[in-house]
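Worksheet: the structure to be examined is printed underneath.
The values are calculated or read from the model by the stated rules, or taken from the named source; none is laboratory data. On a predicted model such as this, the values are computed, not experimentally measured, just so you know. A quick note on method: Cβ atoms are made from the backbone with ideal geometry, for glycine too, and the neighbour counts reach across all protein chains shown. Please note that ligands, DNA and RNA were not included when accessible areas were found on the heavy atoms of the full protein model with its side chains. Shrake-Rupley method; radii C 1.70, N 1.55, O 1.52, S 1.80 Å.
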Amino acid sequence: MHLLFQRPSVVKQTRIAAKFLPAVTQTAPSIIRGKHTIKALESGTPRLRMAASLNKRKHREKHNRIVVEGWRLVREALLAKAKVLNIFYTDPALLDHIDTSSLPSHCLAQISEETMESLSNAVTPPGIVGMFKRPRQGEGGELKNGNTVQNPLTVLCDGLKDPTNLGTLVRTSAAAGCQSFITSTCCVDVWDPKVLRCAAGGHFYLPIQYNVDWEEIETFIADKRIFLADNNISDDLSIPASEHFQVDWTLGPSVLVIGGETTGLGEIIKDLACQYHGQLVRVPMANTIDCLSAAMAGTVIIYEAYRQLLIAEQDR
């Protein structure tokens, strides 16, 4: 039917559709990259809604997925053989930093900068975000250099709520070649995007046990020397204490327990330390500063242990 004989509402709808059709067509171009033909995604698709939801812990746990932000973290995850589901990006040039040759074509999708802002909680969105299956318990360490000194130290975090602190400790533990990393159930999620950014790829350089209950934690630490890093524990706790540099960290497998700055260590780990002949370790401070941050104190102790191991290795 000619437009002149259509009902006014139909004419209006037709004109609106004609007005926006070119814009919709232009937002979803096809891009040929190697063997891939990539189509741009519009906001609101199921994949994008899923990725955006993963900024919340309950959705990461429900769907068993995580998001990593920035080409460096995406590249580290791919090198570590993490199971990739989708890679979203705003600029095709960002893909030059990663190897896409073995990825399925449906995995890659270009999105607008506005849509990228909905996927990332960073102040400045990185331009590329990867959605991966959440690694299973104990996975990690695939990128660990087998030629480095074997550090028998396990780092256990109890009650850390700050993502920056936890991410920094993951990063430090990976850099010092620690044996493994454990978080208790009352910690911030180790797969939180902020933790992942602060860890700078550390998640893929050491095995991680996350959100672990105390019954299982006890099986991990029962055969190790236990050291509690807390300057605020009461003297009533009947275990010996020493400065962090007075401990001989080369004597065998040990676990360093680091608590939150506000709440400190929980009663369960204190009881376990007493049961398994644990020890307090403290970082000395010159002035009347209340305490170092959990990440800073943990880094000082972890690197003292690593320093001793390096010296012992050189003396052999």
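Observations on the structure shown:
- Close pairs (7 angstrom Cβ cut-off, 6 or more residues apart or separate chains): closer than 15 Å to Ala241 by Cβ and part of a helix (DSSP H, G or I) in the range 265-283, modelled with pLDDT under 90 and open to solvent by less than 40 Å² (accessible area, probe 1.4 Å) anywhere: Lys270/Leu237; Ala273/Ile239; Cys274/Ile239
- Gln179 passes every criterion in (1) in contact with a strand residue (DSSP E or B) (Cβ under 6 Å, 6 or more places away or on another chain); (2) under 25 Å from Thr263 (Cα atoms) apart from (2).
- Filter result for Val129 (within 23 Å of Gly177 (Cα to Cα), modelled with pLDDT of 95 or more and not in a loop (DSSP other than H, G, I, E, B)): no
- Candidate set: the range 48-75, residues that are assigned to a loop (DSSP other than H, G, I, E, B) and open to solvent by 30 Å² or more (accessible area, probe 1.4 Å); chosen: the one nearest to Met116 (Cα to Cα): Asn55
- Condition met for Leu78 (modelled with pLDDT under 95, open to solvent by less than 40 Å² (accessible area, probe 1.4 Å), of a type outside the set (Asp, Glu) and in a loop (DSSP other than H, G, I, E, B)): no
- All positions within the range 223-242 that are surrounded by fewer than 19 Cβ atoms within 10 Å (Cβ to Cβ) and either closer than 11 Å to Gln279 by Cβ or at pLDDT below 90 (or both): Asn231, Asn232, Ile233, Ser234, Asp235, Asp236, Leu237, Ser238, Ile239, Pro240, Ala241, Ser242
- Annotation: Leu251 fulfils all but one of (1) over 22 Å from Val188 (Cα atoms); (2) open to solvent by less than 70 Å² (accessible area, probe 1.4 Å); the unmet one is (2).
- Only residues that are of a type in the set (Ser, Thr, Tyr), closer than 29 Å to Ser53 by Cβ and open to solvent by 20 Å² or more (accessible area, probe 1.4 Å) were counted across the range 170-194, and they come to 1.
- Checking each residue in the range 91-120 for being in contact with a strand residue (DSSP E or B) (Cβ under 7 Å, 6 or more places away or on another chain) and not in a helix (DSSP H, G or I) picks out Thr100, Leu103, Leu108, Ala109, Gln110, Ile111, Ser120.
- Condition check for Val68: touching a Phe, Trp or Tyr at 6+ places or on another chain (Cβ under 8 Å) and over 10 Å from Val129 (Cβ atoms): no
- Matching residues in the range 195-209 - criterion: being open to solvent by less than 20 Å² (accessible area, probe 1.4 Å), touching an Asp or Glu at 6+ places or on another chain (Cβ under 9 Å) and over 18 Å from Val74 (Cβ atoms): Ile208
- Subset of the range 297-316 that is without any contact (Cβ under 8 Å) to a residue 40 or more places away in the chain and part of a helix (DSSP H, G or I) - its residue that is surrounded by the most Cβ atoms within 10 Å (Cβ to Cβ): Arg307
- The range 209-238 residues that are within 15 Å of Gln179 (Cα to Cα) and of a type in the set (Lys, Arg), paired with ones that are at pLDDT 90 or above and open to solvent by 70 Å² or more (accessible area, probe 1.4 Å) (beta carbon under 8 Å, 6 or more apart): Arg225/Leu251
- Some residue of the range 226-238 being closer than 30 Å to Val129 by Cβ and assigned by the TED database to the domain that holds Met285: no
- Leu160 buried (at least 22 other Cβ atoms within 10 Å of the Cβ), assigned by the TED database to the domain that holds Trp191, of a type outside the set (Gly, Ala, Ser) and modelled with pLDDT of 95 or more: no
- Condition check for Ser112: open to solvent by less than 20 Å² (accessible area, probe 1.4 Å) and among the small types (Gly, Ala, Ser): no
- Scan of the range 199-227 for residues that are of a type in the set (S, T, N, Q) and either under 21 Å from the mean Cα position of the chain (by Cα) or assigned to a loop (DSSP other than H, G, I, E, B) (or both), ordered by number: Gln209, Asn211
- Residue match in the range 92-99 (condition: touching a helix residue (DSSP H, G or I) at 6+ places or on another chain (Cβ under 7 Å), free of Cβ contacts under 8 Å to residues at least 60 places away in the same chain and acidic (Asp, Glu)): yes
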